1. Might you check whether a residue that is within 10 Å of chain B (Cβ to nearest Cβ), touching a helix residue (DSSP H, G or I) at 6+ places or on another chain (Cβ under 7 Å) and closer than 26 Å to A:GLY261 by Cβ occurs anywhere in region A:167-175?
2. Among the residues in region A:249-261, are any surrounded by fewer than 22 Cβ atoms within 10 Å (Cβ to Cβ) and within 17 Å of A:SER40 (Cα to Cα)?
3. Only helices (runs of 4 or more DSSP H) wholly contained in region A:292-384 count here; list those with 1 or more residues that are in contact with a helix residue (DSSP H, G or I) (Cβ under 7 Å, 6 or more places away or on another chain) and among the hydroxyl-bearing types (Ser, Thr, Tyr).
4. Quick check on region A:287-305: of everything there that is within 21 Å of the chain's Cα centre (by Cα) and more than 13 Å from every other protein chain (Cβ to nearest Cβ), which residue is surrounded by the most Cβ atoms within 10 Å (Cβ to Cβ)?
5. Pick from A:GLY150, A:GLY129, A:GLY116, A:GLY143: which is surrounded by fewer than 24 Cβ atoms within 10 Å (Cβ to Cβ) and not aliphatic (A, V, I, L, M)?
6. Within region B:58-80, is there a residue that is in contact with a His (Cβ under 6 Å, 6 or more places away or on another chain), in contact (Cβ under 8 Å) with a residue 12 or more places away in the chain and not in a loop (DSSP other than H, G, I, E, B)?
7. Of all residues in region B:1-54, which are assigned to a loop (DSSP other than H, G, I, E, B) and among the hydrophobic types (A, V, I, L, M, F, W, C)?
Amino acid sequence: MLAMNYRGPLRVRASQKPMPKIEHPQDAIVRVTRSCICGSDLHLYNGSVPDTRVGMTFGHEFTGIVEEVGSEVTKIKVGDHVLVPFNIACGQCAFCKQELYGNCHESNPQATAVGGIFGYSHTAGGYNGGQAEYARVPYANVGPTIIPEGMDPDDAVLLTDVVPTGYQAAEMGGIQKGDTVVVFGAGPVGIMAAKCSWLFGAGRVIIIDQVDYRLEFARNYAQCEAYNFNEIGDPVLFLKKETDWMGADVCIDAVGAEAAGNAMQTITGRKLLLQAGSATAVHWAINSVKKGGIISIVGVYGPTDNLIPIGNVLNKGLTIRANQASVKRLLPRLIEHVQNGVLNPKGLITHRIPLEEVSDAYRIFSEKLDNCIKPILISPSAGL
Amino acid sequence: MENTTKDYSHIKGWGIDADPKNDPTYPMKRRTNEEHLGYSWERPTLQPQTVEILHSNERPNVTAVFGTSTPPSGLSGMIRRLAFKKTENDYGHWLPLILADRINVVEGIIEDLRSGHVPNIFAEKGYKAEWKYNRGGLLRKAAVAAILSYGVVAYFRAKKKRKHNY
C-alpha cells in the first residue's frame, strides 16, 4: 500500500509499505478515506520529538472504512465509515474510566507521560498513522465512531482532533460570560479555539499570530479580533492596554514548540534543541493573563524542559490547565454542534492534496505557502 | 472521602474541609479515584510481542497494545536500548534518543542505497512546492547558502595558503 514515509527532519516521501494486519483481538483495519496533516505533525517533521524513527508513517487525524475486525471487536463492523480519534485508549484503565482518554495507561509502553497517539513517534507508542491507504486501529471498541449519516467526511475528519482540541482549549479556560479570551496562534486549532470560546460565553476574543493571511482568515471564520505581533510592539503590553491594564481573563496557547516571536526562545528551543521547543506562546500567556487568571495549553511541546516565567505563575496566582484533548468524551456534543450548524469544521480546509504528493503537502503546510490553513491528504483508494 | 478504604480516624479533623466540587480537573476528568487502588484494573487482552518493544522503566510492563511500526535496529537501536535504561525524568533518556534519531537518518539513507533506491532529497523536502509557491524565497535561501559556502571555502583556502607561506 502507499503510505507517507518519514526519512529524517524535513524529509518525507510517499512509498510502498506492507499492509497493516490485525495484531490484537480488538484491532480493526480501515481503508483511509481522509487524513490530515496536523500542526503537531510539524514537530515530528522538524525532528524535534525524540524517538521519531525513520520509516514511520505519521497521521493522527483520519477517517476510514472498516475492512477487517479482530475477534473481540463488537462496536463496529466491516463496511462502517468511522472517524478515528487521535487518542488510542483502552477504555478499561483507571484513567480512561475517568474520561481521560488522552491519558490511557494501556496504549503506550514507551512513555508514561502520554497515552498512545497514531503516527506520533515511539514517544507516543510507535503506531503507524493514517497518512496511508490503510491503517491499523487498536481498541476498535473504544475510539472509532461511526460517522453519522449525512455528515460530510471533511467535517468528520476534523472531529478527530482539530475541533475537540480547539473546543477543549476553550473548555479548560473555564470561560465565564463576558470574559476576555486571548488565543496565541492562528493555526487551525487556534482558530477553532477562538471560535469555541464564543460557545462558552466569551465577551471578547483576540487572536495573536504573525501570519497576515491566517489572521484575516481567523477574523472571518471565528468572528474575533486578530493582531500581528510584529505590528503591535510588545504583545504583553498591547494586551494589558487592550484590557484596561488588567490582563486577559483567559489565555490559550495553541502554538506549542514551533513558536516564533522571541529570539532567545527560538534559538534555544528550535535551533539548538536546548529546550523542548520554543515556549514563546506560553511565556506570553503567563505574562498577559490577569492576576488569578487561567492559562489553557493545547500547544504541543517535547518531553524535556522549557523556560517559562514560573515565578509569575506563583505571584499572579494563576491556574494552568493542559491536556491532550479527550476526543471520545467530547464527540457527542461536537457532532451535535456540527449537525446543528454551530460549527463548520470543513471551512478550515484550504488544500486537498493527493497522498502521492505528501512531500509537497508537508512543505506547503510547514512553510505556510499558498495561504494554507489546513491540508487534507486523499489516498488513491479513498473512494469518496 | 469516597473510595478511601483506609481508616484515618486517628487524624483529628481529617477531611472536614473536603469539597468535592472544588475540582479544577472537571469536566476533563470525572473523578472516581480508582487509581488510588493502584494498578489493579482488569487489563485488556495482551498483544503478542512479535517485535522488540522497549518500555519506559517508569512502568512495570509493556502496555496491553503497542505499535510495531519500526522496531529498534542498528547503531540507533543500540543507543535507544541504552536510553530506555534511564527514566523519563532523566536527560540520559531523551538526549540519546535524539542522537539515535539523527544516526537513524544516516542508516535510512544507507538502507535506501542498499535496496537500490537513491533518495531524491530535493523531492522529499518538497522543494517542488517551494519552487511553485515561493520561488523568490527559495532563490534567496539558495543565494545565502551559496555565499556562506563560498565564504567558508575561501576562509579555509586562505588559511591553508598562509600556512604554506610560513
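1. Going through region A:167-175, the residues within 10 Å of chain B (Cβ to nearest Cβ) turn out to be A:168, A:171-172, A:174.
Now narrow it down to the ones that are touching a helix residue (DSSP H, G or I) at 6+ places or on another chain (Cβ under 7 Å): A:168.
Checking the rest, the ones that are also closer than 26 Å to A:GLY261 by Cβ come to A:168.
The answer is yes; a qualifying residue exists.
2. Step one: of region A:249-261, the residues surrounded by fewer than 22 Cβ atoms within 10 Å (Cβ to Cβ) are A:260-261.
Subsequent filtering for residues that are within 17 Å of A:SER40 (Cα to Cα) retains A:260.
Yes - at least one qualifying residue is present in region A:249-261.
3. On the way: elements: A:310-316, A:327-339, A:358-366.
Fully inside region A:292-384 and qualifying: A:358-366.
4. Start the filter on region A:287-305 by keeping residues that are within 21 Å of the chain's Cα centre (by Cα), which leaves A:294-305.
With more than 13 Å from every other protein chain (Cβ to nearest Cβ) added as a condition, the list becomes A:299-300.
Values: A:GLY299: 30, A:VAL300: 27.
Out of the qualifying residues, it is A:GLY299.
5. A:GLY150
6. We begin by selecting, within region B:58-80, every residue in contact with a His (Cβ under 6 Å, 6 or more places away or on another chain); these are B:62, B:65.
Retained after the next criterion (residues that are in contact (Cβ under 8 Å) with a residue 12 or more places away in the chain): B:62, B:65.
Checking which are not in a loop (DSSP other than H, G, I, E, B) leaves us with none.
Within region B:58-80, not a single residue is in contact with a His (Cβ under 6 Å, 6 or more places away or on another chain), in contact (Cβ under 8 Å) with a residue 12 or more places away in the chain and not in a loop (DSSP other than H, G, I, E, B).
7. Just the residues of region B:1-54 that are assigned to a loop (DSSP other than H, G, I, E, B), to begin with: B:1-33, B:38-54.
Residues satisfying the conditions are B:MET1, B:ILE11, B:TRP14, B:ILE16, B:ALA18, B:MET28, B:TRP41, B:LEU46, B:VAL51, B:ILE53, B:LEU54.
So that you can scan it fast, the table gives a plain yes or no per residue for (1) of a type outside the set (Lys, Arg); (2) assigned to a loop (DSSP other than H, G, I, E, B); (3) within 8 Å of chain B (Cβ to nearest Cβ); (4) touching a Cys at 6+ places or on another chain (Cβ under 8 Å):
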residue	(1), (2), (3), (4)
A:GLN92	yes, yes, yes, no
A:CYS96	yes, no, no, yes
A:GLY102	yes, no, no, no
A:HIS105	yes, yes, yes, yes
A:VAL114	yes, yes, no, no
A:ALA140	yes, yes, no, no
A:GLY143	yes, yes, no, no
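Bear in mind these aren't lab numbers, they're just calculated from the coordinates by the rules spelled out. The structure presented is a predicted model; accordingly, all values stated were derived computationally and were not measured. Positions of Cβ are backbone-derived with ideal geometry, glycine not excepted, and every protein chain shown enters the neighbour counts.
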